[in-house]
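In what follows, a single structure is set out as structure tokens and then discussed.
The values are calculated or read from the model by the stated rules, or taken from the named source; none is laboratory data. Being a predicted model, the structure only gives us computed values, none of them experimental. Backbone-built Cβ (ideal geometry, glycine too); neighbour counts: all protein chains shown. In case anyone asks, the SASA skips ligands and DNA or RNA and just uses the protein heavy atoms, side chains included. Shrake-Rupley method; radii C 1.70, N 1.55, O 1.52, S 1.80 Å.
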Amino acid sequence: MRLLLINPNISESVSELIRAEAERSASAGVQIEVLTAVFGVAYIETRFEALIGAYAAAQLAAEHHSRADAVVVAAFGDPGLPGLREALPLPVTGLTEAALASACLLGHRFSIVAISQRIRAWYRETVEAYGLIGRLASIRGLDERLASIGSVQQDQGERLVALAERCVDEDGADVIVLAGAPLAGLARNLAGRLPVPAVDGVSSAVRHAETLVRLAAGRAHRGSFAPPPAKPHRGLPASIAALLDAGSRP
């Protein structure tokens, strides 16, 4: 089995964190490939940045999905995930979708611990889009400006722990979701330090992607996730144009 993880931002240091945690989490024999966006921003905090990241992820997915068994959108907020699920002929999941699915299997109410305040509105909308807003206890984020996106865990580790404890004590969280690719592996490193279970998106996405491949449930040909219908297009990269044309064929 081969899993393709796409980092929709341009930070190679974050891609290395994704790769390390994905390889630790994957079952024996599962191959991990991580790709980094060739354009975009260092890390995604806003809806507009997510829009850019979604297109960057779509371009990489269109170019490289043929050698994978499943694709993971490796940024919290899952930019572009629903569209990729329509267009790609293989399972697709993302860090948010997978982490929330894991959280729902571990407790009733979950809280999200994030790397910034600005990011919280977009995360809340993502949770709502997945139909899980009733199970969201809170979203708490760091107040400090990030010195380096690749060293958030080292620079802000104790503050992240304190936020997680507040989510439990003040917000009633049963599970903590440590949000974002820059926090990949933190749940593993904090094992035993938090008073409730903690999950992160990378390990959850790898395990759920493996399950989806093994389920072999098939692809939607009708309904809302059927491939986009045939229509004229112009100015698209060749890989995206080919993906659109392939999906529209019966």
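Accessible area per residue (1.4 Å probe, heavy atoms of protein chains only) ranks Asp169, Asp155 as Asp169, Asp155, with the largest value leading.
Rolling a 1.4 Å probe over the protein heavy atoms leaves Leu190 with an accessible area of roughly 20 Å². Other residues whose C-beta falls under 10 angstrom from the C-beta of Ala68 contribute a net charge of 0, scoring Lys and Arg +1 and Asp and Glu -1. Neighbours of Arg120 by Cβ distance under 11 Å: Lys/Arg scored +1, Asp/Glu scored -1, total +1. Relative protection proxy for 230-242, 18-30, 50-62, 208-220, from highest mean packing down: 50-62, 18-30, 208-220, 230-242 (other beta-carbon atoms within 10 angstrom).
Annotation: amide H of Ile139 within the under-5 Å range of Ile112, sequence separation 5 or more or interchain, hydrogens built in the peptide plane. Here the 3J(HN,Hα) profile of region 208-213, calculated from phi with Karplus coefficients 6.51, -1.76 and 1.60 at θ = phi - 60°, is 5, 5, 4, 4, 4, 4 Hz, Gly and Pro shown as x. A cut-off of 5 Å between modelled amide H atoms, ignoring neighbours fewer than 5 places along the same chain, links Leu190 with no other residue. Once you treat every alpha carbon in region 37-184 as an equal point and sum by Debye, what is log10 I(q)/I(0) at q = 0.13, 0.18, 0.20 Å⁻¹? Log10 of I(q)/I(0), two decimals: -0.59, -1.07, -1.26. In order along region 128-139, the phi-based Karplus estimate (6.51 cos²θ - 1.76 cosθ + 1.60, θ = phi - 60°) of 3J(HN,Hα) comes to 5, 4, 7, x, 10, 4, x, 9, 7, 7, 5, 10 Hz; Gly and Pro are listed as x. Once the chain from His108 to Leu236 is taken as fully extended at 0.36 nm per residue, the excess over their C-alpha distance is 41.7 nm. Using θ = phi - 60° in the Karplus curve 6.51 cos²θ - 1.76 cosθ + 1.60, the 3J(HN,Hα) couplings for region 100-111 round to 5, 4, 4, 4, 5, 8, 10, x, 8, 10, 10, 10 Hz; x is entered for Gly and Pro. Look at the dipole of the chain built from charges on Cβ: of Ser239, Ser111, Ser15, the Cα furthest out on the positive end belongs to Ser239.
An ellipsoid equivalent to the chain, defined through the eigenvalues of its Cα gyration tensor, has semi-axes of 30, 19, 17 Å when rounded to whole angstrom and sorted largest first. Taking Cα centre as origin and charging only the Cβ of basic (Lys, Arg, +1) and acidic (Asp, Glu, -1) residues, the dipole magnitude of the chain rounds to 700 debye. The tail of the calculated P(r) for region 1-114, taken as Cα-Cα distances beyond 23 Å, holds 26 percent of the pairs.
Distances between every pair of Cα atoms in region 115-227, grouped in 10 Å steps from 0 to the bin holding the largest one, split as 12, 38, 32, 13, 5 percent.
With every protein chain in place and a 1.4 angstrom probe, the accessible-area ranking of Arg124, Arg118, largest first, reads Arg118, Arg124.
Highest average first, the peptides 222-228, 93-99 ordered by how many other beta carbon atoms sit within 10 Å of their residues are 93-99, 222-228.
Adding -39500 (n - 2.57) for every DSSP H run of four residues or longer, then dividing by how many residues the chain holds, sets the calculated 222 nm ellipticity at -14000 deg cm²/dmol. Under the simplified labelling scheme, the Ala246-Asp169 pair shows an inter-label distance of 5.3 nm, with each label point 7 Å from Cα along Cα→Cβ.
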